[in-house]
Amino acid sequence: MSGAAALNGAAPAGVSAAAFRATMRRHAAGVVVVTSSSGGVANGMTATAVASVTADPPTVLIVVNRSSQSYGLIRRGGAFALNFLSESQQEVASYFAGSEPKSFDAAPHRPGVRDCPLLEGCAAHLECLVEDRHEVGSHAIFIGRVVAASAGDAAPLAYFEAGFHGLKAL
Ligand SMILES: Cc1cc2nc3c(=O)[nH]c(=O)nc-3n(C[C@H](O)[C@H](O)[C@H](O)COP(=O)(O)O)c2cc1C
């Protein structure tokens, strides 16, 4: 169905950035720390713009602000790791959402693909090599081929309405 048909023939109206953000606040998403590494420098960035693309071949996408430290590191390193946070890791999420230089000294971890840190205590991990990049306004979409995956049984951390939440089965 075309966009025009979906709108019953009405011309698509513009949507302000404020209206877009207010709407997206209602979208519940899992919280991930995207880690990267290049030239001996490692970083982590809290993110919710993460999605599965296809299982064949295993592929994900992430959306990264081009003004972030992570953007350059992911470009140079050609890799990233996804640390899917557990509901007990709210402090980890807040720490890696900061813009100041971050340290992994207080965050137990082990090296993953191309030295991207894998944080302990996560619900799951994916390790990815960058296959493609698309620049869209202020952000870039990185397409990552998954080269390693591991999952535990910890409950995941979610984010919506500008706050962290746990999930309970209905
Ligand atoms: C819950 C949450 C989700 C976020 N999701 C993203 C995201 O998907 N992409 C992004 O570029 N920034 C996202 N951010 C903002 C980054 O975490 C923040 O800009 C961070 O300072 C970037 O770190 P860096 O400059 O060290 O890479 C999110 C922040 C929070 C709190």
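The alpha carbons of the chain stretch over 55, 38, 35 Å along the principal axes, in descending order. Both radii are taken from the alpha-carbon atoms of the range 70-170; with Rh as the Kirkwood radius, Rg/Rh is 0.97. Legend: ranking of residues H165, H27 from fewest to most surrounding C-beta atoms inside 10 Å; resulting order H27, H165.
Go through S103, G144, A18 and say which Cα lies farthest out towards the positive end of the charge dipole of the chain; charges sit on Cβ, +1 for Lys and Arg, -1 for Asp and Glu. Highest projection toward the positive end goes to A18.
Working from the alpha-carbon coordinates of the range 63-105, get Rg over Rh, Rh being the Kirkwood radius. So for the range 63-105, dividing Rg by the Kirkwood Rh gives 0.97. Going from the fewest other Cβ atoms within 10 Å to the most, the residues V64, V41, V32 appear in the order V41, V64, V32.
Each value in this text was obtained by applying a stated rule to the coordinates, not by laboratory testing. As the structure is a prediction and not an experimental result, all values here were calculated from the model. Here Cβ is always computed from backbone atoms with ideal geometry, including for glycine, and neighbour counts include all displayed protein chains.
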